[in-house]
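The values are calculated or read from the model by the stated rules, or taken from the named source; none is laboratory data. Note that the coordinates shown come from a computational prediction; the quantities given were computed from them, not determined experimentally. Here the Cβ positions follow ideal geometry from the backbone for every residue, glycine too, while neighbour counts run over all protein chains shown. Note: accessible area is taken over every heavy atom of the protein model, side chains too, but ligands, DNA and RNA are not part of it. Shrake-Rupley method; radii C 1.70, N 1.55, O 1.52, S 1.80 Å.
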Amino acid sequence: MWDKILVVDDNIDTREKFYEILSSLCYKVTCTPTAKEAFNRLLEERFRLIILDEDMPQLGGFEAAKKIREFDRETKIIVLTDRKPQEENKKLASQIGLDRIIRKDFSTHFMIKKIIEVLKEDTKKDTPLLDQSYKSTILVVDDNDQIREVLEMFLSKKGHHVITASSGEESLMKVKVDRPKIVFLDFRMPGMDGLMVLKAIKELDKKIDVVMLTSAQDNYIMEEAKKLGACDYLIKPCDLEKVDTLITSLLVKG
């Protein structure tokens, strides 16, 4: 997992303090003033920890945490409160799946110590990574055995049902039978090339999201893929963090 932290607090002084302290501890810190903007960030990248202030305009920390947990059970979440955590809040935290409620207090080292403790805890192995509605059937199409195996292993661990194909012809058979929601499709393969396969997939089902895989960025190919309905592309070897973020974004938008 990545040592990146998202701090969500409408108080600019609080954001500055967190940025200064956590950056000095070698964490990559991103700050934002609202939960709405935090959701936009989560569609673009993943974090190891999200710190949410309890009281924010429009959407407070507990409500924001609940929405995040609808599609992400893996990222650690802390809600900060100006008061000593009440029993009712502890029950709510347990229901939502928070990792901790901590009193916001920069006057001592206690708050930062608790945050570091959460960061060092292992991810809960008995917690499903995705809500059932955000699990998906994903088809990986690539003639390279290693790439298929890496993506299959990674996506399976994330809770998805993964099927693979080594050629365009095989992939079309699996699209007809398994009806995947997302297809990762290599451009350069023996037989049918990726653009031909993309066109055929969209003719079978326009709702399937197709992500092109390519060894090098080729603007002409990417433009053609976009015209045919590809939603995005990734350069091989794939950055697994980008794969994870892209899938979450597609499923949440869907």
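Test SER107 against the criterion of being open to solvent by 20 Å² or more (accessible area, probe 1.4 Å), small (Gly, Ala, Ser) and not in a loop (DSSP other than H, G, I, E, B), and give yes or no. Full working, then the answer.
Working: open to solvent by 20 Å² or more (accessible area, probe 1.4 Å): yes; small (Gly, Ala, Ser): yes; not in a loop (DSSP other than H, G, I, E, B): no.
Spelling it out, it is not the case that SER107 is open to solvent by 20 Å² or more (accessible area, probe 1.4 Å), small (Gly, Ala, Ser) and not in a loop (DSSP other than H, G, I, E, B).
Within region 36-61, can you find the residues that are over 25 Å from LEU240 (Cα atoms) and assigned to a strand (DSSP E or B)?
LEU52, ASP53, listed by residue number.
Considering only region 101-154, how many residues are basic (Lys, Arg) and modelled with pLDDT of 90 or more?
5
Any residue at all in region 22-36 that's touching a helix residue (DSSP H, G or I) at 6+ places or on another chain (Cβ under 9 Å), within 9 Å of ILE5 (Cα to Cα) and hydroxyl-bearing (Ser, Thr, Tyr)?
Taking every residue of region 22-36 in turn, at least one turns out to be touching a helix residue (DSSP H, G or I) at 6+ places or on another chain (Cβ under 9 Å), within 9 Å of ILE5 (Cα to Cα) and hydroxyl-bearing (Ser, Thr, Tyr).
Could you list, in sequence order, all residues of region 8-35 that are of a type in the set (Val, Ile, Thr) and either assigned to a helix (DSSP H, G or I) or in contact with a Pro (Cβ under 9 Å, 6 or more places away or on another chain) (or both)?
At the first step, the residues of region 8-35 found to be of a type in the set (Val, Ile, Thr) are 8, 12, 14, 21, 29-30, 32, 34.
Scanning region 8-35 gives VAL8, ILE12, THR14, ILE21, THR34.
Tally time: how many residues in region 149-199 are of a type outside the set (A, V, I, L, M, F, W, C), within 27 Å of the chain's Cα centre (by Cα) and either closer than 14 Å to LEU240 by Cβ or crowded, with 22+ Cβ neighbours inside 10 Å (or both)?
Residues that pass the stated criteria total 10.
Can you tell me which residues in region 132-184 are part of a helix (DSSP H, G or I) and of a type in the set (A, V, I, L, M)?
Once the filter is applied, which keeps residues that are part of a helix (DSSP H, G or I) and of a type in the set (A, V, I, L, M), region 132-184 yields ILE147, VAL150, LEU151, MET153, LEU155, LEU172, MET173, VAL175, VAL177.
One residue is enough: does region 206-215 have a residue meeting the conditions open to solvent by 20 Å² or more (accessible area, probe 1.4 Å), among the acidic types (Asp, Glu) and farther than 21 Å from SER249 by Cβ? Walk me through how you get there before you give the answer.
Here is the first cut: in region 206-215, the ones open to solvent by 20 Å² or more (accessible area, probe 1.4 Å) are 206-207, 209, 215.
Still in the list and also among the acidic types (Asp, Glu): 209.
With the extra rule that they be farther than 21 Å from SER249 by Cβ, the set shrinks to none.
No, the conditions are met nowhere in region 206-215.
Which is touching a strand residue (DSSP E or B) at 6+ places or on another chain (Cβ under 8 Å), open to solvent by 20 Å² or more (accessible area, probe 1.4 Å) and assigned to a strand (DSSP E or B), of ILE101, ILE77?
On the way: ILE77 fails: open to solvent by 20 Å² or more (accessible area, probe 1.4 Å).
Exactly one residue qualifies, and that residue is ILE101.
Take region 219-252 and flag every residue that is in a helix (DSSP H, G or I), more than 16 Å from VAL183 (Cβ to Cβ), in contact (Cβ under 8 Å) with a residue 12 or more places away in the chain and open to solvent by 40 Å² or more (accessible area, probe 1.4 Å). Before you say what the answer is, go through the steps one by one.
To start, the set of residues in region 219-252 that are in a helix (DSSP H, G or I) comprises 219-228, 240-252.
From the residues that got through so far, the ones that are more than 16 Å from VAL183 (Cβ to Cβ) too are 219-224, 227, 240-242, 244-245, 248, 252.
Within this subset, residues satisfying the condition of being in contact (Cβ under 8 Å) with a residue 12 or more places away in the chain are 221, 224, 240-241, 244-245, 248, 252.
Selection gives GLU224, LEU240, VAL252.
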